[in-house]
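Taking it in order: structure first as structure tokens, then the write-up.
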Amino acid sequence: MVSRLADDHRNARVLAEGIASLAGVVLDPPEVDTNIVVFRMPGVTAAEAYFEALEREGVLISNFGGGRLRVVTHDGITEADCRAAVEVMRRVWTVLAA
């Protein structure tokens, strides 16, 4: 899979830029240089309902500890998937925050 790491890194950058546009997110997209995106979303780290709702929508996110959240791109994840994941994150957070 080494041959497709560049694709994973590119997709992670798309994901990072989209996540950074979400309200309250602390993330500097230029700092993302691998297929792992780590960010902070104050108010979400303890919200199991957010993680569960995302999982039901097919978006897996993990608590990385210390108030950090993590998403990862890998084989089978496309740029369109990354854009869709950001929209799911936006929609779910908007519903839960209301």
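If we keep just the residues of region 68-98 that are exposed (fewer than 14 other Cβ atoms within 10 Å of the Cβ) and of a type in the set (Gly, Ala, Ser), which is nearest to LEU5 (Cα to Cα)?
Checked region 68-98; the qualifying residue nearest to LEU5 (Cα to Cα) is GLY76.
Considering each residue of region 9-38, count those that are of a type in the set (S, T, N, Q) and either open to solvent by 50 Å² or more (accessible area, probe 1.4 Å) or without any contact (Cβ under 8 Å) to a residue 12 or more places away in the chain (or both), and give that number.
We begin by selecting, within region 9-38, every residue of a type in the set (S, T, N, Q); these are 11, 21, 34-35.
Applying the additional criterion that residues be either open to solvent by 50 Å² or more (accessible area, probe 1.4 Å) or without any contact (Cβ under 8 Å) to a residue 12 or more places away in the chain (or both) yields 21, 34.
Counting residues in region 9-38 that are of a type in the set (S, T, N, Q) and either open to solvent by 50 Å² or more (accessible area, probe 1.4 Å) or without any contact (Cβ under 8 Å) to a residue 12 or more places away in the chain (or both) gives 2.
Could you tell me how many of the residues in region 48-67 are hydrophobic (A, V, I, L, M, F, W, C) and either open to solvent by 30 Å² or more (accessible area, probe 1.4 Å) or closer than 17 Å to VAL26 by Cα (or both)?
Kept after step one, since they are hydrophobic (A, V, I, L, M, F, W, C), are these residues of region 48-67: 49, 51, 53-54, 59-61, 64.
Checking which are either open to solvent by 30 Å² or more (accessible area, probe 1.4 Å) or closer than 17 Å to VAL26 by Cα (or both) leaves us with 49, 60-61, 64.
Of the residues in region 48-67, 4 are hydrophobic (A, V, I, L, M, F, W, C) and either open to solvent by 30 Å² or more (accessible area, probe 1.4 Å) or closer than 17 Å to VAL26 by Cα (or both).
The values are calculated or read from the model by the stated rules, or taken from the named source; none is laboratory data. Only a predicted model underlies this, so the values are computations on that prediction, with no experimental measurement involved. Methodologically, a virtual Cβ is constructed for each residue, glycine included, from the backbone with ideal geometry; neighbour enumeration extends over all protein chains shown. Surface accessibility is based on the protein's heavy atoms, side chains included, excluding ligands, DNA and RNA. Shrake-Rupley method; radii C 1.70, N 1.55, O 1.52, S 1.80 Å.
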